[in-house]
Each structure stands twice: as structure tokens, then as C-alpha cells.
Amino acid sequence: MEKTGFLIDMDGVIYRGNQLISGADVFVQTLLKHNLPFVFLTNNSQRSRLDVTTKLRRMGIDVEEKHVFTCAMSTARFLAKQKPNGTAYVIGGSGLLNALHKNGIAVVDSQPDFVVVGEGRTITLEMLEAAVQMILDGAKLIATNLDPNCPTSDGGTRPGCGATVSYLETATGVSAFSLGKPSPLMMRAARKELGLSTSQTVMIGDTMSTDILGGVEMGYRTILVLSGGTKEEDIKRFAYAPDCVVESLHALCHNGDIRLSLPAPDPTDDSVNLNEWRMMHAT
Ligand SMILES: [Mg+2]
């Protein structure tokens, strides 16, 4: 198999709530056995890399922190680039606070450069009121993702980060900038984390509007799994389609190997090789 690496969504692909999806562990073991590069890509900003790794290990999936890339990391790295040593007022959980601190963004209660929104269990009306005033005073509104809701382990639904962001957008008239899937900033950062080119990258997920859209827009090949929130008949409602649809990750495993029925990669999707470009344009 040509060098291929995988960006893999977790909820609905690896597990549902705290329940492992049958065969997902076999798929990951096969990736590890063949040294195929992969990273788990999640729009949940609440957990740190360590938290996610621990959750996966408890399900029998033995991976390292380097195998996890969260929208909190994508957000924190972007903000650090935009404004080194910047400040943020945060509505969100410890994974987000952690990522911001790691990237030199200080968390403050007044006059922040950014209001950063993730998911969390501690949001209060006072926090939302404070955030509204900060945004009206000029702080930039940053979303770790725009997912409207999230599935819960008991089969229900809870409001997601996107719902909180909408509240702030409506109150201020300011649109948020999102760094979660399908943002090209997150999709590209995850690919670079693996040292892959565009044509070598395959995105696997269960949600059309984040995983598959993000992959399609980046020129990655995409695999939709039906083990999460999307049914096969839903696909036709979208203007874009995945390259391949399977029931679950287990369907990609054959006798200890990974088999993909994907179109051939398009090497012209890759970025220009700078050295070649310089040689071609040398005067
Ligand atoms: Mg998912």
C-alpha cells in the first residue's frame, strides 16, 4: 500500500459515549502493527491529550498522547500565532485551559484579546454576560467548534459548543471564528502533525458536515462510517459525498491487514515542493 495516514474522528467511530464500537480496537491495533501514521481528531475541547489517551486505554485502545489532536490544540496554536503572549477569557473546560497555557496564552477575567468558547459543565449566565460585554468592547470571538449538540452516553443529546457560540453571536451581532472541524486550520494542522502530504491523507468520520466536509475541502480522501450519527440514506442530502462508506472501522480490517477501496491519490493535490520550485525559478 502506498504511504497512507489517517485522521480519525472518535465519537461515533471509536466509541459511543463510554461504549467501544465493536472492532474499532482491532482497526487501531492493525494500524499500530503496520506502523501506519494516524491521529484521533476530536471536536471536544473539554479533554486534554492525556485525558483522551486515558479514556481510550480504558477501552483497550493502547495509544499515546501523540495520537490525539483536539480542537482545543488547534485553537490555542492558532491564537498563539495570531497574537503571541495574548490573553483569553475562557468559557470551557480544563482541556482548553491546558492547551492555551501550553501555547503561552494567559487566561484573564477582564480586557482579553479573545473570548474563547468550548464545551463545559460550568457555564453560568454571569460568564455569558461578561463575555458579551468583552466582545462588545473589542475582544475577538473564537469558537473551538460549532457543533450544535453532542450525543450523551444514555442516548440523549446535550447542547454543544455551537449553541453557546450562537448565544454570544446573537447578543453581540459578532460572528465567531471557529478552529474546529471542518476548519481547514484544524484539518491541515492534524495532517502536518503526521508529516503527511495531502494525497497521503485519509479522513475517517461519522459526520458529514464536519469530518467529511473538512476532508473534502482539504483534498483528502474520505471514509464515512455508519456506526455514528449518519445513515446511508442521509448522504444524498449533501452536495459532497465521501469516497467510501462502511458500516464501521471493522469493515476495513481483513486478516490482520487494512484494506481500503478508495480512488487513487491525486499527487497534484500536494503543495509545491519549495526546493523544486526554487530550482525552477532560479535566475
Ligand atoms: Mg463523530
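One line per residue, one yes/no per condition, for (1) in the same structural domain as Thr144 (by TED's automatic domain parsing); (2) touching a residue at least 40 places away in the same chain (Cβ under 8 Å); (3) exposed (fewer than 15 other Cβ atoms within 10 Å of the Cβ):
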{"residue": "Thr53", "(1), (2), (3)": "no, no, no"}
{"residue": "Asn85", "(1), (2), (3)": "yes, no, yes"}
{"residue": "Gly93", "(1), (2), (3)": "yes, yes, no"}
{"residue": "Leu96", "(1), (2), (3)": "yes, yes, no"}
{"residue": "Leu100", "(1), (2), (3)": "yes, no, no"}
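Looking at the stretch 243-274 only, could you name the residues that are within 16 Å of the ligand (Cβ to nearest atom), in contact (Cβ under 8 Å) with a residue 24 or more places away in the chain and not in a loop (DSSP other than H, G, I, E, B)? Step through it out loud before you land on a result.
Filtering the stretch 243-274 down to residues within 16 Å of the ligand (Cβ to nearest atom) leaves 245-249.
With in contact (Cβ under 8 Å) with a residue 24 or more places away in the chain added as a condition, the list becomes 248-249.
Leu249, the sole residue that qualifies.
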Problem set entry | Of residues in the stretch 189-211 being closer than 22 Å to Ser22 by Cβ and β-branched (Val, Ile, Thr), the one farthest from the ligand (Cβ to nearest atom) | Val202
Problem set entry | Those residues of the stretch 212-242 which are more than 14 Å from the ligand (Cβ to nearest atom), touching a Ser or Thr at 6+ places or on another chain (Cβ under 9 Å) and among the small types (Gly, Ala, Ser), in sequence order | Gly219, Ala241
For this session: Within the stretch 102-148, track down each residue that is in a loop (DSSP other than H, G, I, E, B), in contact (Cβ under 8 Å) with a residue 40 or more places away in the chain and either more than 25 Å from the chain's Cα centre (by Cα) or under 12 Å from Tyr167 (Cβ atoms) (or both).
Result: Ile123
For this session: Select from the stretch 20-51 the residues that are in contact (Cβ under 8 Å) with a residue 60 or more places away in the chain and more than 20 Å from the chain's Cα centre (by Cα) and list them in ascending order.
Result: Ser22, Gly23, Val26, Thr30, Lys33, His34
Exercise. How many residues does the stretch 102-137 hold that are closer than 23 Å to Arg158 by Cβ, surrounded by fewer than 19 Cβ atoms within 10 Å (Cβ to Cβ) and among the acidic types (Asp, Glu)?
Worked result: 2
For this session: Considering only the stretch 165-195, state which residues are within 21 Å of Met208 (Cβ to Cβ) and touching a Phe, Trp or Tyr at 6+ places or on another chain (Cβ under 7 Å).
Result: Leu179, Leu185, Ala190
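If you go through the stretch 173-180 one residue at a time, do you hit one that is of a type in the set (S, T, N, Q), surrounded by 16 or more Cβ atoms within 10 Å (Cβ to Cβ) and modelled with pLDDT of 95 or more?
Taking the stretch 173-180 first, the residues of a type in the set (S, T, N, Q) are 175, 178.
Then keep just the ones that are surrounded by 16 or more Cβ atoms within 10 Å (Cβ to Cβ); that gives 178.
Add one more test, that the residue is modelled with pLDDT of 95 or more, and what stays is 178.
Yes, the conditions are met somewhere in the stretch 173-180.
The values are calculated or read from the model by the stated rules, or taken from the named source; none is laboratory data. A quick note: this is a predicted structure, and the numbers were derived from the prediction, not measured. Note that we place each Cβ from the backbone using ideal geometry, even for glycine, and neighbour counts take in every protein chain shown.
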